[in-house]
Each structure stands twice: as structure tokens, then as C-alpha cells.
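The values are calculated or read from the model by the stated rules, or taken from the named source; none is laboratory data. Computed from a prediction, not measured in an experiment: that's the story for all the values here. With ideal geometry, Cβ positions are generated from the backbone for all residues, glycine too; neighbour counts draw on all protein chains shown. Note: accessible area is taken over every heavy atom of the protein model, side chains too, but ligands, DNA and RNA are not part of it. Shrake-Rupley method; radii C 1.70, N 1.55, O 1.52, S 1.80 Å.
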Amino acid sequence: CSRWEEEKKEDGVKWMQLEHRGPYFAPLYEPLPEDVRFYYDGKPLKLSLAAEEIATFYAKMLDHEYTTKEIFQNNFFHDWRKEMTSEEQEIIKDLDKCDFREIHKYFVEKNEARKALPKEEKQKLKEEADKIQEEYGYCILDGHREKIGNFKTEPPGLFRGRGEHPKMGMLKKRIMPEDVIINCSRDSKIPEPPEGHKWKEVRFDNTVTWLASWTENIQNTLKYIMLNPSSKLKGEKDWQKYEVARRLKGVVHKIRAQYRKDWKSKEIKKRQRAVALYFIDKLALRAGNEKEEGETADTVGCCSLRVEHIQLHPQLDGQEHVVEFDFLGKDSIRYYNKVSVEKPVFKNLRLFMKNKDPTDDLFDQLTTNFLNKHLQHLMDGLTAKVFRTYNASVTLQEQLKALTNPADNVAGKLLSYNRANRAVAVLCNHQRSVPKTFAKSMQVLQQKIEAKKKQVEEAQEEVKKAEDEFEDTKDAKAEANVEKKKKLLKRLEEQLAKLNIQATDKEENKQIALGTSKLNYLDPRISVAWCKKFGIPIERIYNKTQREKFAWAIDMADEDFEF
């Protein structure tokens with residue numbers, strides 16, 4: 001049997017045997033050389049080791065947008081002062097008088113020097129990294145050697161967060177062995193902590209899949225060392241996720257009929273649940289969990305939408321019953337969309353907004369928990385998230401059917417694939433900012449296209465010349481020459497077409513992030529089946545890491561797979 005379908009364990013048990021080396025700790029701080037100085041109020045000031053290390057965190061980020069933000073500066077200065085000696089606290093009272101430029105320059109030059117190392121030196125560094133990967137990057141799980149995902153602890157530094165995070169700039173402390181809980185099997189060789197240290201705790205819990213865990217100091221959340229996505233355990237979990245979404249396909253029409261009925265419910269709570277579910281289903285919105293205020297950036301999902309996040313237009317741009325959404329979703333990515341909704345939804349929204357302030361909750365009687373309990377009741381394993389997976393995968397499959405032209409060459413088919421993937425990314429609102437290098441690389445591509453056009457024109461001239469010559473002489477050599485020149489022209493035209501496709505693809509893709517949906521929302525079997533059906537090499541769609549993660553799908557799916 002394949003490794004994806006080995007013997008099943010009893011419920012809740014994830015492994016029988018787990019052995020590993022524990023985390024690899026971030027290297028200790030190396031003090032700055034004597035000639036690299038920190039200045040306060042124009043005068044050099046020698047810092048204590050702890051204060052110096054934190055100063056380097058800020059110095060390294062001087063050319064970053066973060067260090068211009070007031071909230072970042074305030075959080076940093078507050079946390080830095082806590083780690084200073086009392087003498088330092090007496091002197092250093094104003095961040096504006098701190099000069100980190102010399103330290104910044106030192107790290108920039110150090111970076112440049114590393115990039116400029118000769119090949120042999122770089123090879124040596126790579127071999128050292130590989131040795132650490134070999135030693136710490138694998139575990140033994142039920143007799144299989146499995147790759148670990150993130151086996152290194154995060155180094156200390158300044159917290160960045162995403163979007164306008166209220167905690168940006170705070171000090172992310174160094175993780176010590178004393179912070180770490182180890183999880184392994186009782187009969188395994190228990191990992192040794194670094195010399196002079198001990199673990200916080202060692203446990204033998206085979207109902208969880210993590211190898212080590214600690215609490216990080218900024219959000220007070222638990223961090224885990226987990227297996228790599230290519231491992232059997234993760235592969236099975238991934239496969240199960242898509243199987244749940246495929247089960248939804250069978251009942252989704254019933255669920256849709258149900259929420260439409262609930263739009264007219266006597267209970268306002270049910271109506272709110274039904275409208276929220278309509279948004280989650282139709283627009284692939286995230287559910288949106290309740291959050292602690294001031295702990296995280298102010299972002300919302302469907303259930304936590306406020307009145308200020310939507311506007312109702314009875315008529316707009318020739319459409320009826322338009323809802324205009326404008327809010328910050330996960331990772332502070334703006335969601336902006338104008339959608340024509342069904343009339344009962346529109347009327348309900350008007351009702352939910354009545355007599356409320358802009359900052360009041362739109363669905364004031366709804367919690368994510370209440371919604372998910374209802375979904376679980378409709379289908380085992382169903383949560384709001386499953387709708388996103390389901391709608392993303394269905395969209396990809398439909399778009400691939402609609403867009404792929406079997407007569408196209410490989411480049412043409414790949415453009416169709418990327419367009420189908422883009423449709424999903426747009427549905428899921430996976431944006432990115434235009435890459436910094438975009439203009440430059442686009443210019444390079446345009447230059448290539450111009451040069452190729454010239455070559456095509458020259459080749460056309462050559463063909464014409466050869467044909468004229470053949471007209472005059474009618475001999476076999478001249479005829480062969482015509483064929484040769486035509487072949488060259490055809491090849492150049494194909495190359496030009498390919499470059500043009502590349503440019504189209506690049507332009508259409510500049511503000512869309514394809515990776516998120518590819519890795520998390522799209523059943524890989526759809527893509528594998530498409531590749532097999534149209535003879536596209538799988539490596540044109542998935543890179544090496546992705547092929548490892550989706551090994552289960554490459555194994556399983558044939559060209560007839562239907563999501």
C-alpha cells in the first residue's frame with residue numbers, strides 16, 4: 001500500500017513513536033567591533049551588552065518604513081529602556097538624540113561582504129547549513145524519517161506585525177531552552193538541551209503532532225515546531241481538508257436553500273446568520289473571529305463587520321441592490337467590492353443597520369461560534385473556512401474547463417492556467433503590492449520583445465529574398481534554402497509569441513498573489529489532472545517544494561479527476 005494509506009490508528013492518536021533533537025537555537029549575540037559606535041546627542045556612548053544588542057535590531061531597520069512610524073518608535077524605545085542599566089537610563093531619554101547610523105552602515109557592509117564571498121567560501125557556508133539541517137531538521141515518526149518544518153527558533157528582534165499593528169516595535173525576546181516544552185515518545189532518546197541549560201518540561205503526548213513549543217512574549221501565543229508539509233502526517237491532513245470540501249459539494253444546494261429560507265425567519269438572529277452565510281458562500285469572505293481590542297490590528301471578517309464597513313445603493317452603475325464593502329481583512333489587506341445582491345438580502349441589511357452607529361456591529365446577534373455550530377449541524381466537519389476551500393477549488397476547475405484551448409502550445413495553456421488561478425486569487429482577495437522590481441523587469445522584457453520583432457522582420461526579408469532567388473533559378477539548392485529560411489522564421493515567430501504571452505501574464509499578475517490560493521485553497525488534484533490531460537510537465541505548475549507538499553495528489557490523481 002502507498003505511504004498515504006498505511007494502517008489507521010485509534011481516534012486521537014497521531015503517532016506511536018516520535019524521536020528528534022529538539023530545536024536549533026538562534027546563535028548568540030556577537031558584540032560590535034570597537035570602532036563601530038553608537039552616538040547619543042552627538043557623542044559616542046559605549047552601551048552595555050544587552051542594550052547594544054537591542055540597538056542593533058533598530059539600526060538594521062533604519063532604511064525600513066517601520067522605523068519612520070511613531071508607534072514603532074515608541075514601542076521600541078519603551079522596551080529598550082527596560083533592558084538598559086540605570087546609568088544608561090539616566091543618559092538616554094530621547095530617541096531623536098540617538099544616532100544608529102554607524103551601526104547601520106556596519107551591517108550593510110557586512111551583508112555586502114557576504115554576498116561578495118568567493119564561490120568556495122559560499123559553498124563552505126552552505127555545507128555548514130546542510131549539516132545543521134541533517135542533524136536537527138529530521139525526526140523519526142513511526143519508523144519513517146520525516147522532515148521538520150521550522151526546526152530553528154526565531155531570533156530575537158523587533159516585532160513587525162502586519163498592517164498597522166499596535167504592538168509593532170516591541171522587543172521579541174530570545175527563546176531559551178528554559179522556555180521550551182519538548183514532546184516525544186517515552187522510549188525515544190530524549191533530546192539534550194544545550195550545555196548548562198534545561199528544558200521547561202518534557203512530555204509524551206501522542207494526541208498532538210508538535211515536537212516542541214514555547215510562548216512568545218508579544219502576543220502571548222504558543223509557537224510550535226511542526227513537521228514539514230511534505231511529511232505523511234501533513235499530507236494526510238491536507239488530503240482530508242479537500243475531502244471535506246468535496247463532501248460540501250454534495251450538500252451545498254440544500255444549505256443554500258436553507259439560508260434563503262432563513263432570510264425570512266421570525267428570529268433576527270437566524271436572519272443575520274443566513275445573510276452572513278450568503279456572504280461567506282458567495283463572496284468567499286473569511287468568518288472573522290472575535291478579537292481582543294488593542295492586542296491586534298483592527299481587522300474584521302464577515303461576522304465582525306461593522307455598519308461603517310458597508311454602504312447600500314438601491315441602484316448603482318446600472319445594477320440593483322448593490323452592497324459596497326470597504327474594510328480591512330486579515331493581515332490588514334483592504335477588501336473593496338461592489339456586489340449586486342438578492343433583494344431579501346438587501347432588505348435585511350437595511351434592517352440590521354437601522355438605528356445603529358457606524359461603529360456598531362452589523363451582525364450584532366451573531367458570533368463565529370454560533371455560525372460554526374450551525375454549519376457542523378448541517379454537515380460533519382463543516383466550518384466557514386470550508387466554503388472558501390470549496391469555492392476556490394470549484395472556481396479553478398470551472399475556469400480551467402472554460403479557458404484551456406487544447407490546440408494551444410504549452411505557453412498558451414500555462415497562460416490559461418494562470419488566468420484560472422488569478423480568478424481564484426481575486427475571489428479570495430489575495431493581493432500584493434506591485435513588486436519593487438516590476439518596472440525594471442518589465443522594461444527588460446519589452447526590450448527582448450523589440451529585439452525579437454527586429455529578428456522576425458529580418459527573417460521575413462530573408463524568406464522573401466530566398467523566394468525571389470528560387471523564382472529566378474528554380475534549382476533544388478535554392479528551394480532547400482527557402483525551406484530553411486521559413487523554418488527559421490517560424491521558430492522566431494514562436495519565440496516572439498511566447499515573449500508576448502509572458503508580458504501579458506506579468507502585467508495581469510502584478511497586483512495579485514497566486515501563491516496563497518495555490519498552497520492553501522486549491523485541491524492539487526485539479527492541477528495534477530489538468531497537467532496529465534494536456535501533457536503539461538507538472539514542474540511548470542509546482543516548484544520542488546510544492547511537488548513535495550503535494551506528493552499525495554501527484555500519486556493519486558489521474559486525468560479524469562473531478563473535484
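What the table below lists for this structure:
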read-out	value
Rg/Rg_globular for the range 392-556, with Rg_globular taken as 2.2 N^0.38 Å and Rg from C-alpha atoms	1.36
Interchain or long-range residues, amide H under 5 Å from His144's placed H	none
Quarter of the Cα convex hull surface for the range 38-120, i.e. its orientation-mean projected area (nm²)	6.4 nm²
Using θ = phi - 60° and Karplus 6.51 cos²θ - 1.76 cosθ + 1.60, couplings along the range 149-155 (whole Hz; Gly, Pro as x)	x, 10, 8, 9, 6, 5, x
Beta bridge orientation in the range 135-265: antiparallel %, DSSP, nearest 5	80 percent
R0 of 51 Å, Cβ-Cβ distance Leu49-Val434: FRET efficiency to nearest 0.05	0.75
Per-residue HN-Hα couplings for the range 265-275 [Karplus 6.51, -1.76, 1.60; θ = phi - 60°; Hz; x = Gly/Pro]	4, 6, 8, 5, 4, 5, 4, 4, 4, 5, 6
Cut-off 13 Å between beta-carbons: net charge of the residues surrounding Cys302, Lys and Arg +1, Asp and Glu -1	+4
Cβ-placed point charges (K, R +1; D, E -1), dipole of the range 38-120 about Cα centre in debye, nearest 20	300 debye
Anchor Lys119: lysines whose Cα lies under 18 Å away (excluding residues fewer than 8 positions away in-chain)	Lys110
Cβ-defined net charge surrounding Ser433, 13 Å radius [Lys, Arg +1; Asp, Glu -1]	+3
Positive-end residue of Ala480, Leu427, Leu49, charge dipole of the chain with Cβ unit charges	Leu427
Sequence-distant residues sharing a close amide H with Met168 (under 5 Å, placed H)	none
Unit charges at the beta carbon, dipole of the chain: most positive-side option, Pro314, Gly137, Thr85	Pro314
Hydrodynamic radius by Kirkwood, which averages 1/r over all alpha carbon pairs of the chain, in angstrom	28.8 Å
Table column - 3J(HN,Hα) (Hz), the range 429-441, Karplus curve with 6.51, -1.76, 1.60, x for Gly and Pro	6, 8, 9, 9, 7, 4, x, 4, 8, 4, 4, 4, 5
Cα-derived Rg to Rh of the range 214-297, Kirkwood definition	1.12
Surface share of carbon and sulfur [accessible, 1.4 angstrom probe, percent] for the chain	49 percent
Calculated FRET value between Glu164 and Glu458, using beta carbons and R₀ = 60 Å, to 0.05	0.60
Asp96, Asp560, ranked by accessible area, largest first (probe 1.4 Å)	Asp96, Asp560
Spacing of the two label points (7 Å from each Cα toward its C-beta) at Lys474 and Thr296, in nm	8.4 nm
Whole-number accessible area per residue in Å² for the chain, which is evaluated in the context of all protein chains at 1.4 Å	57 Å²
Charged-residue dipole, Cβ positions (Lys, Arg, Asp, Glu), the range 234-389 about Cα centre, Debye nearest 20	980 debye
Charged-residue dipole, Cβ positions (Lys, Arg, Asp, Glu), the chain about Cα centre, Debye nearest 20	1840 debye
Relative contact order (%) - the chain, alpha-carbon pairs under 8 angstrom, separation at least six	12 percent
Mean separation of Cα contacts under 8 Å (6+ apart) over length of the range 38-120, as relative contact order %	47 percent
Local electrostatic count, Ala129, Cβ distance below 14 Å [Lys/Arg +1, Asp/Glu -1]	0
Of the GluC sites (Glu not before Pro) in the range 298-343, those whose Cβ has at most 15 other Cβ within 10 Å and which sit in DSSP loop	Glu342
Built amide H within the under 5 Å cut-off of Leu158, gap 5+	Lys172
Where Met353, Met61 fall by accessible area, highest first, once all protein chains stay in place (1.4 Å)	Met353, Met61
